1. I'd like the distance separating the alpha-carbon centroids of segment 269-285 and segment 122-189, in whole Å.
2. Can you give the FRET efficiency to the nearest 0.05 for residue 202 and residue 58, using r as the Cβ-Cβ distance and R₀ = 45 Å?
3. If neighbour count is taken as other Cβ atoms inside 10 Å, put 10, 92 in order from fewest to most.
4. Can you tell which of 81, 18, 98 shows the greatest fluctuation in a Gaussian network model of the chain with Cα springs below 10 Å?
5. By how many nm would the segment from residue 295 to residue 193 lengthen if fully extended, with 0.36 nm per residue of separation less the alpha-carbon distance?
6. Starting from the Cα-Cα distance between residue 173 and residue 2, subtract it from 0.36 nm times their residue separation and give me the gain in nm to one decimal.
7. Over segment 256-297, how many percent of alpha carbon pairs lie in each 10 Å bin up to the one with the longest distance?
8. With runs of 4+ DSSP H residues as the only contributors, calculate the mean residue ellipticity of the chain at 222 nm using -39,500 (n - 2.57) per run, divided by the residue total and rounded to the nearest 500.
């Protein structure tokens, strides 16, 4: 017997970052939107806990106990007195180390799959609590749709979305380390009184009404200057997508994937084709949002 869970990527339509806290994290106002690029996580009984991975970028995915999918299995098992002896297979389609929460998605997917496989009867709140222990983005991977994440991003308020949004994601060569991007954010803001992060009312309204043009005017990512400082070539990708007709462009999360909001699906196809031809990215993916959170197939 095995259980397979499909889990979506995310884009941060707003990432407001506060100053560094005593625990080393930053307070965030993080508006997540789940998008239709998915990993599939399959768990099956095994003699011991093992992780395998296939798909684009699979060679960059750790297969030891540092993998969030393995940690999810261990944490759930520990709470319910179960031996976490499962084989976890991750079929990747979310860009690896791309700022789209692929690792977090795999953690949420493995958690939901193990919960079903073991029939633990864990409540939604317990699963979300384990997600928060795994990492700041993991609870949203479980929930999907759209949500405001506060604290370090793990405390979620579900947001209404009034329509479909069309996106293009340009995948860069190589990854960017999220901790490195936050360190660069701190360096760039040294001596600056960083304001407390607040979600933009204009952005939340645009999401709620499904107005792509209004959303385009409100997109914001406080980590973008840090990502561009570490990877200046991303500026060329942002320019290429904007010139191809994107309503707006931004670095997705900590990068290096860049996200382009399109007027409709036809415009998204043109933007993707133009980005590929520009030579400023490795690949360009079209996806719509919002997408469902972790779902058992």
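Here, each number is a calculation from the coordinates, and none is a lab measurement. Fair warning: this is a prediction, and the values are worked out from it, not measured in the lab. Please note: Cβ atoms are built from the backbone with ideal geometry, for glycine as well, and neighbour counts cover all protein chains shown.
1. Segment 269-285 and segment 122-189 have Cα centres spaced 25 Å from each other.
2. On the way: r = 40 Å, r/R0 = 0.88.
For R0 = 45 Å, the calculated efficiency reads 0.70.
3. Values: 10 31, 92 21.
Ordered from fewest to most neighbouring Cβ atoms within 10 Å, 10, 92 come out as 92, 10.
4. 81
5. Working: separation 102, 0.36 × 102 = 36.72 nm, distance 4.17 nm.
Net length gain for the segment: 32.5 nm.
6. On the way: separation 171, 0.36 × 171 = 61.56 nm, distance 3.41 nm.
This chain segment gains 58.2 nm when fully extended.
7. 24, 47, 23, 6
8. On the way: 10 runs with 105 residues, N = 297.
Dividing the helical sum by the residues of the chain leaves -10500 deg cm²/dmol.
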